[in-house]
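The values are calculated or read from the model by the stated rules, or taken from the named source; none is laboratory data. Owing to the predicted nature of the structure, the values given are computational and were not obtained by experimental measurement. Because the Cβ atoms are built from the backbone with ideal geometry, glycine has one as well, and the counts that use them run over all protein chains shown.
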């Protein structure tokens, strides 16, 4: 049974969520259609460009992403405190980059005198926009609408381009977040589109390798890893994450005999995970119906906060 989006998001439990959106039927987001021989590779940049714009306007950070042929993956961090810190004018300016203002808001922004009921309406609109600017639903809606319009215009057709709703999974613990980021960054490896993470085009891990180029057209603003300069970043060292992604990529490939022993991956020891348990958690993200990933206690608490009795997911 479909569950309302409001009952799948609980920011008091976690700000981190894994999002997947897929195309309908045989529609191609990107890649090459073997049936028609037509290439849609250029559409990958559409995703990256729009993702970059939205990440700069919303109070939502991008932890990881991967753009595949008929779907994309995002790992997002919702930052409601950041949205709450914006002034009313800043909220209005961010919204104006996405939608046109009503006339009343334009009069307020230009400093015209408003009567009390008009000021109340403006304040209500701005608070509504503030809420939307840290909403995953609005973030994905704007990303998908833009891509669908461009693709339908290029294909000369109308109708749905995406499945009815995007899928989301709450990441309740640091191991769950780390496992999901590794899963997303390794998507092209598993699909045999690349042999090494640094060669995986249109993924967050390749962007982190290369760094943001000054002339790049608005690449996604990725959240940094923790360091002395960025103590509020993702709770791992980037070098540890790279080692873990490499180890995971080697270990889960059925056609590879070699592997890197678990004791050589510092992040595993720090999180108290053994290799078998880690690999089990990574594979959860490709299973249908999984909405929450974390340990038993965190999953149960999340269910309560979302008005549910229990989570329909085996804890990791």
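Residue 213: more than 21 Å from residue 54 (Cα to Cα) and at pLDDT below 75, yes or no? Considered against the rule, which asks whether it is more than 21 Å from residue 54 (Cα to Cα) and at pLDDT below 75, residue 213 comes out as no. Tell me, yes or no, whether region 150-169 has at least one residue that is in contact with a helix residue (DSSP H, G or I) (Cβ under 8 Å, 6 or more places away or on another chain), surrounded by 20 or more Cβ atoms within 10 Å (Cβ to Cβ) and more than 21 Å from residue 45 (Cα to Cα). Checked region 150-169: at least one residue is in contact with a helix residue (DSSP H, G or I) (Cβ under 8 Å, 6 or more places away or on another chain), surrounded by 20 or more Cβ atoms within 10 Å (Cβ to Cβ) and more than 21 Å from residue 45 (Cα to Cα).
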